[in-house]
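All of the numbers you see were taken from the coordinates with simple rules; none came from a lab. Keep in mind the model is a prediction, meaning the values are calculated, not measured. Note that we place each Cβ from the backbone using ideal geometry, even for glycine, and neighbour counts take in every protein chain shown.
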Amino acid sequence: MKTYDLMGYADRWSARPSDEIQFKVHCDDPRGYAVQIGRLWGPALPDEPHSSYFEAISAACNGEQPAGTQTTLCGSLAVFPPLDIDYHRGFTWFFFFRPTLLAHTCPQTLSRLCLDRGITTTLQVAANSQLELVIEHRDGLRLVPLPVKLTKEWFACGISYSLASGELILWFKGIFQGANPPFEYHLQIQLRFDNLAIATKLSVTVAGLAHSETTNLGSRQSFNGLIEYPTVFDSAMSPDQLRRISALDFAELHLDNVIASWDFSIGISGDIVFDRAMRALHGKLINQPARGVPGRTWHPDSPSWKFEPRCYAAVHFHSDDMIDAEWETSFCYTVPHNLPSGIYAARLFRDETQFYIPFVVRPSTTASCRIAFLVPTATYIAYQNHRSRYFSSANERLHGRLNILDSTDLMFIRNEQFGLSTYDTHIDGSGVYYSSASRPAFNIKPGGRLWNFAADLLIVKWLKAIDMSVDVLTDEDLDREGLPAIANYDVLFSGSHPEYVSTSMYNALEQFVSKGGSLLYLGGNGFYWRIAFHPTKRGVIEVRRTEGVRSWDAGPGCYYTSFSGERSGLWRANGKPPQKFLGVGFIGQGFDISSYYRRTSTAKTSAWAFEGIRSDILGDFGLMLGGAAGLELDAVDYELGTPEDTIILATSEKHSNIYELAIEEVLTPHGATDAILCNRIRSNIVLTRPFYNGGWVFSAGSIAFVGALAYGDINNSISRLVQNVLQRFLAQTT
């Protein structure tokens, strides 16, 4: 029986009334698919009817839609405008490169030169990590293997071609400054064709082969590695001339004899690659290769491209880069003027197959409620299509049990072309800096694991159960608009795991609380990574993992984001540990079982918070591993800035030995870092006031907290505690 694929994504996470949302759908079932727009009131829990979490609403796009297949292509490359060349003088193509993947299943294209009269010259890395020159023309194809064994070092390469004489020279030199003498090689061949008319145009691409349909899609035979200063000179050159050119400072290259020279150190935050030559034939990067990375002249005293951009004149290309699937729009939905703010989704379905595309509807212009829910979409995007769960051996150690593949894992295995999360590594082992919402997401849905989006729907479920109206906005809304996005609210809710926070977001939230607003932080491992949103592209984030608990390390010279030039890494390492603002910060994690809290003696100073709660034990139940204190935990740390007058309402206890201290808490490896041996591993529920005369912050300090909040009867101890705090916050701002 054939299994049909049905999937899609929207062009935005957030919309206001009258905005149009474009949905891009792939469906290879010839019968097509059906659409239903609806509001999400919670996650899809076992044994609960569909109507309990998905409320269908009327929309013109509802109903049957025709089948349509979409093409998704990974791989980054650089494309440039056609160049005018002088037939009599010829030309020389020159660039620097450093491979980062030597053996691959298919050739990796370093560059392709296409003359407008029938000759194409492609320089590529063969599967055996040797160079090959492929020459295509009207009379056939010629493959020239080169006796050049590549290493993961920098090389200079030049291809000189005299069109009049038909002489082609390929020159190649290793420029590694080590104990061994630099390797140098050149090849000289004749490429005269009797039927070759006078060529006047040259087309160039680097790091891959552009697809014929459009240059906005991915590349074929992509190169994995770094490329610097691709340059076209206006005459054919000898090996001696090429050798002299390789020693020049290309940042100050004399441009009189240059047709085009693309300097990757200019405009690092964008996709345009700037030509410094007179004609300004600027090119474009496809699929967001890594920028702001150390180049050939980088040195240890140059920490950031902001201060010394010439040391960051390289672009790191990957065959698995993916920033935008570039699908065609399948149907649209215009948000009605009277639609309440909330979390919605387009449900795509056919028979037993269904796929949800979530989106957020904001109020029309100003706050319509006193409370807002800040949906942590930056965290969703960072985790989007996270694959390491099923190929990392660490997963079983973290969970304390054998790994069992679920339907989400199987979707990833079946569909490898939809890009990576920032927790994954590229095929060459380098970290994934960028992630985007502009592609199908298999792990952002109301069903499946209670993690991130599905877990945050528990907050929505709880708010509905207590009959509390809220407005909804996203991380990107807050990043773009700053304080005005939230200034008219009295109380703000966070999600269960607001791990990724930009500078604009952090500043806006601090301003909100300093001016009297109150924040309920209902999660754990929050405000951990400092990120940047793309300055113009919607739904694209960047993170550089430089310390802390991480699946890869950015490495020297890669600590600063290409989008903003800010140092990424932990907020703690950037001088703003979450303890200063939230009262608590990340202390440890474990994924086998969740524990409970015990009320502290200091909680007597806030007895109102426990009104209606009889037991000292809180949260010994929950939908996320059986308790309220689990998964990732936050604790107070006065040395890191927890305000001295912070009230610790409750502290978790009896975590298993699967729970380990966060790596930034371990200065010297000593082995006693699990919760059995280390009493520092716990979660604190706190009330704190980070600013004089400002508002209050309630922090839960656990990702599993929301699993107890919405558990069973809403009068359970965790629910009652949060209701009491919420009512007090609202009363203080009346």
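Observations on the model:
- Label of the coordinate-derived value, Cα extents along the principal axes in Å, listed as (1) 94, 61, 47; (2) 84, 70, 61; (3) 104, 85, 55: (1)
- Between Thr334 and Ile21, the built amide H atoms are under 5 Å apart, and every one of these is 5 or more places off in sequence or on another chain.
- Sum of side-chain charges, Pro49 neighbourhood, beta-carbon under 14 Å (Lys, Arg +1; Asp, Glu -1): -2
- Considering the stretch 234-280 at the alpha-carbon level, its Rg and Dmax are found to be 12.2, 37 Å.
- Distance from the stretch 690-734 to the stretch 438-482 (C-alpha centre basis), Å: 17 Å
- Taking other Cβ atoms within 10 Å as a rough exposure proxy, Phe373, Phe250 sort from fewest to most as Phe250, Phe373.
- Relative contact order (%) - criterion: Cα under 8 Å, at least six apart; region: the chain: 13 percent
- Sorting Ser652, Ser129, Ser719 from the fewest to the most surrounding beta carbons within 10 angstrom yields Ser129, Ser719, Ser652.
- Relative exposure of Glu653, Glu328, judged by other C-beta atoms within 10 Å (fewest first): Glu328, Glu653
- Neighbourhood charge, 15 Å Cβ-Cβ cut-off, centred on Thr120 and excluding it, Lys, Arg +1 and Asp, Glu -1: +2
- Neighbourhood charge, 9 Å Cβ-Cβ cut-off, centred on Gly68 and excluding it, Lys, Arg +1 and Asp, Glu -1: -2
- Under 17 Å from the Cα of Lys284 - lysines, other chains or at least 8 residues apart: Lys537
- Counting only aspartates and glutamates at least 8 places from Lys576 when in the same chain, those with an alpha carbon closer than 12 Å to its own are Glu510.
- Whole-Å distance, taken between Cα centres, linking the stretch 1-41 and the stretch 239-294: 41 Å
- Under 5 Å, built H, 5+ apart or other chain: amide partners of Ser111: Leu123, Ala207
- When peptides 138-146, 507-515, 458-466 are ranked by their average number of other Cβ atoms within 10 Å per residue, the highest-first order is 458-466, 507-515, 138-146.
- For the chain, share of DSSP beta bridges that run antiparallel, in % to the nearest 5: 90 percent
- Fully extending the segment from Leu640 to Ile272 would add 128.4 nm, taking 0.36 nm per residue of separation and subtracting the current Cα-Cα distance.
- Helix-only [θ]222 nm of the chain, DSSP H runs n ≥ 4, -39500 (n - 2.57) each, per residue, nearest 500: -3500 deg cm²/dmol
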